[in-house]
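Written below as structure tokens is the structure these notes are about.
The values are calculated or read from the model by the stated rules, or taken from the named source; none is laboratory data. Remember, predicted model here, so these are calculated numbers, not experimental data. Note that each Cβ is placed from the backbone with ideal geometry, even for glycine, and that neighbours are counted across all protein chains shown.
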Amino acid sequence: MSSYLRALRLVNFRNYADATVLLAPGLNIVVGDNAQGKTNLLEAVSFAVTGSTPRTPNDPEIVRWGEDFTRTEMRVSLNGGSGGEERKVAVGYAPGQKKRLTVDGAPAPSLTAYAAGGAGVRVVTFFPDDIRIVKGAPADRREFLDDLLSSMRPTYARAVAEYAKAVQQRNQLLRRIRDGFSSERTLSTWDRKVVDFGTTVLEGRAAAIQPLASLFGDAVRALYGPEKAALRYSHSAPLEEYAEALREARGADIERGTTSVGPHRDDFVVLFGGVSMTTYGSQGQQRLGTLALKFAAREYLRAQTGQDPVLLFDDVMSELDKRRRGYLSEYFLGSTQAVITTTNLEYFEEKVLEKAWVVRISGGSVSQDTRAGATNRAGKPETA
């Protein structure tokens, strides 16, 4: 059995002053009215596991209003708790300062290493605005793919970051050359850096896209029906032609002042029945496509790491019909651990609730629902 979260403490995180949440293996249902802190709780779990938040690039936003720091602490039961092993991790952040990440009291070597399983678990998240992965711009799809691969390999995460820096530096130099302040000969150094890091990114994506496409097709059939689904990667230049294509584009790049070739220009198309869901999909199809991508990411992580990631799904039931709610309930029950938010427990059948651990949220305060059947099963939460 894979690792799972036993307890989470949130200090000055969004609307939480100081709260502790106990979690169980299997399905955890977080219930409460809107604007009480359910989504913030899922965000805090992701922050504790990865050191970053999937909801905003601006970390100061997560600090409780009027406070000057935030901190999450987490207890992770390793290997399903079979050997009693546990890992204690913490992420502290104060605006203007470097994050403090610790594993069993020792500083983590780096954020990228911590995010790639350093906490003992990985997560796959779904928030309603994740529909942008299917509906939105190519950058949203690239981010999804790069985040997935970075969660497995720190070397990939570093290549993505260094590639972005190299492209930015090359673009600045292109504009200086165009404006007559630098010589074209100075481009060679940055061309080499861009190609070196970009090749690592392209190789990682190339290795992942076909397995993901197969898993995506399986997920779409389960969620949507016998629709033929596919992912098709679109290159600005194929890997084997990348370096030459960058050289050939040099003149045009100088004229435009921007780098036109490389993984930062690539995309992948989400297809149902050969039709692009970005362009022609309905809102419902785009949402199901996004869910299918998340399920594919989960299965890909399991295959690549041997560990089942924790699923953090926000308000996933509200727009689904009864059949799909039933399918998702069984899917979550069959996972090592899933934490699902809802405003309405009636979205879940009674037999599901009997197996679930229910957490109630109100105004940033947490209470456990002792009615839930999970309180009597093996692996139930214990005191923090």
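One line per residue, one yes/no per condition, for (1) under 15 Å from Ser367 (Cα atoms); (2) within 19 Å of the chain's Cα centre (by Cα); (3) crowded, with 20+ Cβ neighbours inside 10 Å; (4) outside the structural domain of Val358 (by TED's automatic domain parsing):
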site: Val31; (1), (2), (3), (4): yes, no, yes, no
site: Pro57; (1), (2), (3), (4): no, yes, no, no
site: Arg64; (1), (2), (3), (4): no, no, no, no
site: Ser82; (1), (2), (3), (4): no, no, no, no
site: Lys88; (1), (2), (3), (4): no, no, no, no
_Test: Leu239 is touching a strand residue (DSSP E or B) at 6+ places or on another chain (Cβ under 8 Å), at negative phi, touching a residue at least 40 places away in the same chain (Cβ under 8 Å) and surrounded by 14 or more Cβ atoms within 10 Å (Cβ to Cβ)_ = no
*Could you run through the stretch 335-384 and say how many residues are at pLDDT below 95, farther than 23 Å from Asp33 by Cα and under 27 Å from the mean Cα position of the chain (by Cα)?*
4
*So which residues in the stretch 44-76 are touching a residue at least 40 places away in the same chain (Cβ under 8 Å) and in contact with a Ser or Thr (Cβ under 6 Å, 6 or more places away or on another chain), if there are any at all?*
Ser46, Phe47, Ala48, Pro54, Ile62, Val63, Val76
*If we scan the stretch 246-259, do we find a residue that is in contact (Cβ under 8 Å) with a residue 60 or more places away in the chain and either closer than 30 Å to Tyr331 by Cα or not assigned by TED's automatic domain parsing to the domain that holds Gln172 (or both)?*
no
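Per-residue answers, yes or no, for (1) under 14 Å from the mean Cα position of the chain (by Cα); (2) surrounded by 20 or more Cβ atoms within 10 Å (Cβ to Cβ); (3) in contact (Cβ under 8 Å) with a residue 24 or more places away in the chain:
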site: Tyr93; (1), (2), (3): no, yes, yes
site: Asp104; (1), (2), (3): no, no, no
site: Leu111; (1), (2), (3): no, no, yes
site: Val123; (1), (2), (3): yes, yes, yes
site: Arg176; (1), (2), (3): no, no, no
site: Glu184; (1), (2), (3): no, no, yes
